[in-house]
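Peer 1: What follows is a structure written as structure tokens; I'll ask about it next.
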């Protein structure tokens, strides 16, 4: 499955990944050794999202992160 995610926060992407895998927060958390509350906090960006944790989640569920060069004009709209 491919998620095209321009201008998304990592917390929003985590929720998209969880929903794409048809898992509840509790089930998702069990697969990555986290509580349901921890997943809820991640998805709602309550404590921020550590880059290593984010990449681990992507890898665990088979999602690949691609970083592409953004043209200067496009960059202005992302700010």
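Peer 1: Read through the list (1) assigned to a loop (DSSP other than H, G, I, E, B); (2) at pLDDT 90 or above; (3) exposed (fewer than 13 other Cβ atoms within 10 Å of the Cβ); (4) under 13 Å from the mean Cα position of the chain (by Cα), then give the number of the only condition that residue 56 fails.
Peer 2: Of everything listed in (1) assigned to a loop (DSSP other than H, G, I, E, B); (2) at pLDDT 90 or above; (3) exposed (fewer than 13 other Cβ atoms within 10 Å of the Cβ); (4) under 13 Å from the mean Cα position of the chain (by Cα), residue 56 misses just condition (1).
Peer 1: Tell me, which residue of the range 17-52 that is buried (at least 16 other Cβ atoms within 10 Å of the Cβ) and within 27 Å of residue 69 (Cβ to Cβ) is modelled with the lowest pLDDT?
Peer 2: That would be 49.
The values are calculated or read from the model by the stated rules, or taken from the named source; none is laboratory data. Please read all numbers here as calculations on a predicted model, not as lab measurements. Positions of Cβ are backbone-derived with ideal geometry, glycine not excepted, and every protein chain shown enters the neighbour counts.
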